[in-house]
Amino acid sequence: MRVGFVGVGRIGAAHAQVVRDHPAVTAVRVADADPVRAGKVAAELGVEAVATPADAFTDVDAVVIAAATSAHAELMIAAAAAGLPVFCEKPVASHVAGTRAVLAAVEAAGVATQIGFQRRFDAGYVAAREAVRAGTLGEVRRLHLITADAEPPHPSYVPTSGGIYRDCHIHDFDILRWVTGREVATVYATGANRGAEVFAASGDVDESAAVLTLDDGTLATLQGSRYNGAGYDVRMEVAGTAGTYVVGLDEHAALTSAEPGVTFPGGTPFREFWSRFRPAYEAEIAAFVDVARGERDSPCTVADALESFYVAEAATLSRNEGRMVTIEEIRA
Ligand SMILES: NC(=O)c1ccc[n+]([C@@H]2O[C@H](COP(=O)([O-])OP(=O)(O)OC[C@H]3O[C@@H](n4cnc5c(N)ncnc54)[C@H](O)[C@@H]3O)[C@@H](O)[C@H]2O)c1
């Protein structure tokens, strides 16, 4: 399989290495709006740099899009027009209209798609989902989700990211749906600007919180940060009438117990997403190779991603207007 890449920044370069190392992959071509960056990554990986996205879509069997979020929709639609199976990083677009346009384009073209919600491949989230499905936790009543970066992204990332709910918490919204099998009904979200000026200047926040109600009345709370000094902290608690599961509570958890004599967790916290989720990223790329070869169904389609995007959009609107927002309002 020959794979074209568009966008080889922080995550694109890491994905490109995983793709290059996949035994089914024979060639990788990388393009980036910054040609110096494309050339540097290509040289480091021993793959070919090409000048434009159109070049990356030529003479390949599948494409991976890991450019800035604001470029995803146009690139996804171009990949669909070229008839190529496409893996795209989350979110699919910066807005609902763009996400719907991508969905229409990929459905009309009949191309296979996979969106980069790697938590669906993480062992802890998989175990939590199975426990919910098996009834091990009894009736699920409450969830708590945290996505906190140790350091903020580089300043040029922020204005094109879509904001913390579409950029970071979209992972929480996706995994909340995936683990519980329920849809979000309402969102009340808020946020604060405590960090660099670029967040406020982009209409974004760097500290976030939300309360969500699922369609069966289950309550979920959410917190996020771009400045979690203790480390990269991604966790989910699922509490039911018969038990509670916690994802992300191991030796690496970015926590210190205040209880005298308690030394857990004693390991080194992760500082960023790649080291925390590396096995999941590798598994999602392996799945995409199978999806592109027609050997399995997509584990995360554009239609799935649209559902989580509705929640992110509702959270953004809720924070902007200081009111509870229903997902129906966004869907309509
Ligand atoms: N799944 C995850 O855990 C995860 C983690 C980080 C980032 N992401 C997503 O991956 C995407 C990239 O994030 P990043 O952190 O690598 O950002 P980044 O800013 O480090 O890299 C983005 C790259 O895209 C290039 N680019 C921008 N517009 C382009 C265009 N029109 N055509 C070609 N190249 C273009 C930039 O030059 C840059 O090299 C974002 O959509 C982000 O939401 C996902």
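The values are calculated or read from the model by the stated rules, or taken from the named source; none is laboratory data. Bear in mind the structure is a predicted one, so any value in this text is a computation, not a measurement. All Cβ positions, glycine included, derive from the backbone under ideal geometry; neighbour counts span all protein chains shown.
The condition of being of a type in the set (Lys, Arg) and touching a residue at least 40 places away in the same chain (Cβ under 8 Å) holds for only one of 319, 296, that being 319. When the strands (runs of 3 or more DSSP E) confined to segment 127-215 are screened for residues that are in contact with an Asp or Glu (Cβ under 7 Å, 6 or more places away or on another chain), those reaching at least 3 such residues are found at 140-148, 184-192.
The residues in segment 276-288 that are in contact (Cβ under 8 Å) with a residue 12 or more places away in the chain and either out of contact with any helix residue (DSSP H, G or I) (no Cβ under 8 Å at 6 or more places or on another chain) or on the phi > 0 side of the Ramachandran plot (or both) can be counted, and the count is 3. Annotation note: Cβ proximity below 7 Å between a residue of segment 5-32 that is modelled with pLDDT under 95 and a residue that is part of a loop (DSSP other than H, G, I, E, B) (sequence gap 6+ or interchain) occurs for no pair. Hey, could you check segment 108-126 for residues that are more than 24 Å from residue 240 (Cβ to Cβ) and not in a helix (DSSP H, G or I) and say which is farthest from the ligand (Cβ to nearest atom)? Only one residue tops the list, namely 110.
Take the conditions (1) within 14 Å of the ligand (Cβ to nearest atom); (2) within 22 Å of residue 93 (Cβ to Cβ); (3) in contact with a helix residue (DSSP H, G or I) (Cβ under 8 Å, 6 or more places away or on another chain); residue 152 misses just one of them, which is (2). The single condition among (1) out of contact with any Gly (no Cβ under 6 Å at 6 or more places or on another chain); (2) more than 29 Å from residue 186 (Cα to Cα); (3) buried (at least 21 other Cβ atoms within 10 Å of the Cβ); (4) not acidic (Asp, Glu) that residue 254 does not satisfy is (1). The set of residues in segment 195-237 that are of a type in the set (D, E, K, R) and more than 11 Å from residue 148 (Cβ to Cβ) comprises 197, 204, 215, 216, 237. Select from segment 40-60 the residues that are among the small types (Gly, Ala, Ser) and either over 17 Å from residue 19 (Cα atoms) or near the ligand (Cβ under 8 Å from one of its atoms) (or both) and write down the one among them that is nearest to the chain's Cα centre (by Cα). Checked segment 40-60; the qualifying residue nearest to the chain's Cα centre (by Cα) is 54.
Among the conditions (1) under 21 Å from residue 79 (Cα atoms); (2) in contact with a helix residue (DSSP H, G or I) (Cβ under 7 Å, 6 or more places away or on another chain), the only one that residue 41 does not satisfy is (1). For segment 61-79, a tally of residues being away from the ligand (no atom under 14 Å from the Cβ) and surrounded by fewer than 22 Cβ atoms within 10 Å (Cβ to Cβ) returns 1.
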